[in-house]
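Chemist: My questions all concern the structure below.
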Amino acid sequence: MRRIYLLPAAAAVAALMLTGCVDNSASAPGSGSAAAPEDAVVQKDSAIAAALPEKIKSAGVLNVGMANNYPPNEFKDANGQPAGWSVDLTNALGQVLGLKVNFDIGTFDNILPAIKAGKDDMGMSSFTDTVEREKQVDFVNYYSAGIQWASPAGKTVDPNNACGLKVAVQATTYEDTHEVPAKSKACTDAGKPAITVFKYDAQDQATNALVVGQVDAMSADSPVTLYAISQTKKKLQTAGDAFEVAPYGMPVAKDSAFKPVLQKALQSLIDDGSYARILAKWGVESGGVKTATINVAAKG
């Protein structure tokens, strides 16, 4: 995160820990409740799969760290299983590689440590690729997203003039650690009151705080905010335009041999149209990319 870009549901989500497993082997492509959409059937690419690190290849499993509390990117469906366009995309990647995908569900701030420790092979949780994060992991970039504020319907809020307001964010996101604190500092530097930041474990909780009037605004990735607005029956509205467009990245261990394999798997989905179909299913096409890149933040 910036987790950047896309939609939280307004209802509060219990902080349950679960592991979702989907069989993406060649013999059972797309099986499981969180499989890729039916119109995005993906075949195993034997040439790409052959280049997998031996540890992953022999296990036959792709362990993916995810915090499933950021709809519509990644969340829990009615049965408590991983869902969202990030989940669909991950399952499609598993199909390309002929691997079963194991979603290692936990808190957002534990994903990078789990990757660095070798517990997870990669992460898929709306991570914004930043130079700071690239010091810990490498990123395969797969989407572009921005920040979007929301306010109660009928209440005008200017994200660039929010001094003294109460603003909800999801804890440990880019909005929490960078964007809103920077705006608050600009306020105090100008002799104006600081922004009071309300931090929540799940984006749903931040959205609900705004709906019930506990805060004046919220800041989240654009897709997340737009989804939240659509789910709250016109109780919320956008506040200003989206800004600070930046890349989402799938984190992998620094200098991992898996990194170029994952990049090729993603590019294959882009080239055959599966990637575009997945984004279209969730209405998030505007942030789609044409090329799978690596560590865009450091190059920008």
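The values are calculated or read from the model by the stated rules, or taken from the named source; none is laboratory data. Computed from a prediction, not measured in an experiment: that's the story for all the values here. Note that we place each Cβ from the backbone using ideal geometry, even for glycine, and neighbour counts take in every protein chain shown. Ligands, DNA and RNA are stripped out before the accessible areas are found, and what is left, the full protein with its side chains, is counted by its heavy atoms. Shrake-Rupley method; radii C 1.70, N 1.55, O 1.52, S 1.80 Å.
Chemist: Evaluate segment 212-219: report whether one residue or more is acidic (Asp, Glu), surrounded by fewer than 24 Cβ atoms within 10 Å (Cβ to Cβ) and closer than 25 Å to Asn63 by Cα.
Modeler: No; the residues of segment 212-219 include none that is acidic (Asp, Glu), surrounded by fewer than 24 Cβ atoms within 10 Å (Cβ to Cβ) and closer than 25 Å to Asn63 by Cα.
Chemist: Taking Ala280 as the residue in question, decide whether it is outside any loop (DSSP other than H, G, I, E, B), surrounded by fewer than 17 Cβ atoms within 10 Å (Cβ to Cβ), free of Cβ contacts under 8 Å to residues at least 24 places away in the same chain and out of contact with any helix residue (DSSP H, G or I) (no Cβ under 8 Å at 6 or more places or on another chain).
Modeler: When the stated conditions are applied, Ala280 passes them.
Chemist: Residue by residue through segment 116-128, note down the ones that are in contact with a Ser or Thr (Cβ under 9 Å, 6 or more places away or on another chain) and not polar (S, T, N, Q).
Modeler: Hits for segment 116-128 are Asp121, Met122, Met124.
Chemist: Also: What's the total number of residues in segment 96-121 that are part of a loop (DSSP other than H, G, I, E, B), of a type outside the set (A, V, I, L, M, F, W, C), open to solvent by 20 Å² or more (accessible area, probe 1.4 Å) and within 12 Å of Val252 (Cα to Cα)?
Modeler: 3
Chemist: Same structure again: Against the condition open to solvent by 30 Å² or more (accessible area, probe 1.4 Å), at pLDDT 95 or above, more than 22 Å from Val211 (Cβ to Cβ) and outside any loop (DSSP other than H, G, I, E, B), how does Lys44 come out, does it pass?
Modeler: Considered against the rule, which asks whether it is open to solvent by 30 Å² or more (accessible area, probe 1.4 Å), at pLDDT 95 or above, more than 22 Å from Val211 (Cβ to Cβ) and outside any loop (DSSP other than H, G, I, E, B), Lys44 comes out as no.
Chemist: Hey, another quick one. Suppose we keep only residues that are in contact with a Leu (Cβ under 9 Å, 6 or more places away or on another chain) and not in a loop (DSSP other than H, G, I, E, B) within segment 147-156. Which one would you say is nearest to Ala182 (Cα to Cα)?
Modeler: Top of the filtered list is Gln148.
Chemist: Among the residues of segment 122-146 satisfying the criterion of being in a loop (DSSP other than H, G, I, E, B) and over 24 Å from Pro71 (Cβ atoms), which is most open to solvent (accessible area, probe 1.4 Å)?
Modeler: Step by step, filter segment 122-146, then rank; the result is Lys135.
Chemist: Check Ala171 against each of (1) open to solvent by 70 Å² or more (accessible area, probe 1.4 Å); (2) aliphatic (A, V, I, L, M); (3) modelled with pLDDT under 95 and name the one condition it does not meet.
Modeler: Ala171 satisfies all of (1) open to solvent by 70 Å² or more (accessible area, probe 1.4 Å); (2) aliphatic (A, V, I, L, M); (3) modelled with pLDDT under 95 except (1).
Chemist: Right, next: What number of residues in segment 220-235 are open to solvent by 10 Å² or more (accessible area, probe 1.4 Å) and modelled with pLDDT of 90 or more?
Modeler: Counting residues in segment 220-235 that are open to solvent by 10 Å² or more (accessible area, probe 1.4 Å) and modelled with pLDDT of 90 or more gives 1.
Chemist: From the set of residues in segment 180-199 that are charged (D, E, K, R) and assigned to a helix (DSSP H, G or I), which is least open to solvent (accessible area, probe 1.4 Å)?
Modeler: Here the answer is Lys183.
Chemist: Pairs, please: C-beta under 8 Å, at least 6 apart or cross-chain, first residue touching a residue at least 24 places away in the same chain (Cβ under 8 Å) and in segment 215-236, second open to solvent by 10 Å² or more (accessible area, probe 1.4 Å) and assigned to a helix (DSSP H, G or I)?
Modeler: So the pair list comes out as Thr232/Val211; Lys235/Val211; Leu236/Val211; Leu236/Ile229.
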